[in-house]
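Following this message is one structure expressed as structure tokens.
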Amino acid sequence: MIRVIGLTGGIGSGKSTAADLLAGMGADVVDADEISRGLTAPGGAALPALREAFGEKLVPQDGALDRPGMRALAFSDPAARARLEAVLHPLIRDETRRRLAAATGAYALLVVPLLFESGSWAGRVERVVVVDLDEALQVRRTVGRSRLAESEVRAIMATQWPRWRRLQAADEVLWNGGGLEELRSQCERLHARLAAGRRG
Ligand code: ADP
């Protein structure tokens, strides 16, 4: 069984950017968010169960999940959020397991935005890499790449673990408060260690 290294961090911290860099160096990347998007895209395996749970307004026949509509509902209604997770999480876990089983490199990188928060992932990874940066820059970058307003980004951040707690739980930290080259050089060192099976 391949070694599985978790990669997490707050919204807009640079998880995808770091995962892309590590993939370019040879890491097998499995991205839980990408799997989730695939499950809820047109023809996605989660659509029938989601349509059953939420109706055709959020999941039109022959369409995709209305992601912004679903996000708004899940944000304001914990019961709806729980129903959404009850459908999606087992499917995400199955597909993740399938992709990890097919990975052939020295290690697999499992990218999970809410790795710590959702609890069920912690036992599946050997070590956790946290992408870290200060919150003001995190907000700026997230607003820069999305259509979310600063207040919306801060509301999402408030549902995620605070920076200090994530750092405390991290086995490895990639500091992403600098430029891309600084992130790349840290990824190179991390990849070399992980590929060689070293920890320190
Ligand atoms: P996440 O996957 O954690 O949500 P992303 O990797 O998508 O975060 O990064 C969020 C935004 O910040 C993207 O627009 C990305 O291009 C940008 N970004 C990430 N790292 C850096 C960096 N070191 N310098 C400048 N921009 C960055």
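Roughly what angle does helix 78-102 make with the longest principal axis of the chain, taking Cα atoms, 0 to 90 degrees, to the nearest 10?
50
I need to check one value: relative contact order of segment 4-196, counting alpha carbon pairs closer than 8 Å and at least 6 residues apart, in percent.
Values: 255 pairs, mean separation 70.7, N = 193.
Contact order relative to length: 37 percent.
Also, quick follow-up: Which one, Gly12, Leu91, Phe116, is farthest towards the positive end of the dipole of the chain when Lys and Arg carry +1 and Asp and Glu -1 on their Cβ?
Of the listed residues, the answer is Phe116.
Calculate, in nm to one decimal, what Asp62 and Arg145 gain on full extension: separation in residues at 0.36 nm each, minus their alpha carbon distance.
Length difference between fully extended and current span is 27.0 nm.
Using θ = phi - 60° and the Karplus curve 6.51 cos²θ - 1.76 cosθ + 1.60, what whole-Hz ³J(HN,Hα) does each residue of segment 160-174 get, with Gly and Pro shown as x?
For segment 160-174, the Karplus-derived couplings read 9, 4, x, 3, 4, 6, 5, 5, 5, 8, 6, 8, 9, 10, 9 Hz, x marking Gly and Pro.
If you don't mind, there's one more thing I want to ask. Divide by every residue of the chain the summed helix terms, -39500 (n - 2.57) for each DSSP H run of at least 4, and state the resulting mean residue ellipticity at 222 nm, rounded to the nearest 500 deg cm²/dmol. Write down the numbers at each step before the final one.
Details: 9 runs with 108 residues, N = 200.
Here the helix-only value at 222 nm equals -17000 deg cm²/dmol.
Continuing with the same structure: Counting other Cβ atoms within 10 Å of each Cβ, which trypsin sites (Lys or Arg not before Pro) in segment 1-76 have at most 14 and sit in a DSSP loop?
Lys57
Still on this structure: Counting Lys and Arg as +1 and Asp and Glu as -1, each charge on the Cβ, what is the dipole of segment 4-196 about the Cα centre in debye, to the nearest 20?
Using Cβ point charges on Lys, Arg, Asp and Glu, segment 4-196 gives about 160 debye.
Now a separate question. May I have the pair-distance distribution P(r) for segment 92-132, computed from all Cα-Cα distances with 5 Å bins from 0 and rounded to whole percent?
Over segment 92-132, the share of Cα pairs per 5 Å bin runs 5, 19, 33, 26, 13, 4 percent.
For the pair Asp94/Ile156, report the inter-label distance in nm, with labels modelled 7 Å from Cα in the Cβ direction.
2.8
Just going by the charge dipole of segment 4-196, with Lys and Arg at +1 and Asp and Glu at -1 on Cβ, which of Pro60, Cys187, Pro42 is farthest out on the positive end?
Pro60
Since every read-out is calculated from the coordinates, none of them should be taken as a lab result. Not measured: the values here are computed from a predicted model. All Cβ positions, glycine included, derive from the backbone under ideal geometry; neighbour counts span all protein chains shown.
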